[in-house]
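The values are calculated or read from the model by the stated rules, or taken from the named source; none is laboratory data. Given the structure is predicted, the values throughout are model-derived calculations rather than measurements. Neighbour counts run over all protein chains shown; Cβ positions are idealised from the backbone, glycine included.
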Amino acid sequence: MADSEQVRIVVRPNGPYFIEGDVRVVDTQGNEFRSAKPRIALCRCGGSGSKPFCDGSHQRNGFVADDQHDQQVAEAQERPRG
């Protein structure tokens, strides 16, 4: 696969996975989802009504990715109380 054809996965902070490039998404029953778009967004919050694709539910349900949550907890613990 040439560099220009490589698939790229971008993790959005507290949002979906953006998949860029020519990919096939196949569900557990073998159904294939193809997209004419150069980028698709896969749900990470579990709240999408169009799984496995993102429908923006993460913005409504307050999704915080584990990596972001861990960082926020650590920062809160470092703040002086009082």
**Request:** Could you look through region 18-31, keep only residues that are free of Cβ contacts under 8 Å to residues at least 12 places away in the same chain and part of a loop (DSSP other than H, G, I, E, B), and pick out the one that is nearest to the chain's Cα centre (by Cα)?
**Result:** ARG24
**Request:** Would you please list the contacts, defined by Cβ atoms under 6 Å and residues six or more apart or on different chains, that run from a residue in region 5-16 that is among the polar types (S, T, N, Q) to a residue that is in a helix (DSSP H, G or I)?
**Result:** ASN14/GLN68
**Item:** Only one of SER57, SER4, SER50 that is exposed (fewer than 15 other Cβ atoms within 10 Å of the Cβ) and modelled with pLDDT of 90 or more
**Value:** SER50
**Request:** Please work out if GLY15 is crowded, with 16+ Cβ neighbours inside 10 Å, at pLDDT 90 or above and either outside any strand (DSSP E or B) or among the polar types (S, T, N, Q) (or both).
**Result:** yes
**Item:** Test set (1) of a type in the set (D, E, K, R); (2) loosely packed, with under 14 Cβ neighbours inside 10 Å; (3) in contact (Cβ under 8 Å) with a residue 24 or more places away in the chain - ARG34 fails condition number
**Value:** (3)
**Prompt:** Is there a residue in region 33-41 that is among the aliphatic types (A, V, I, L, M) and at pLDDT below 90?
**Reply:** yes
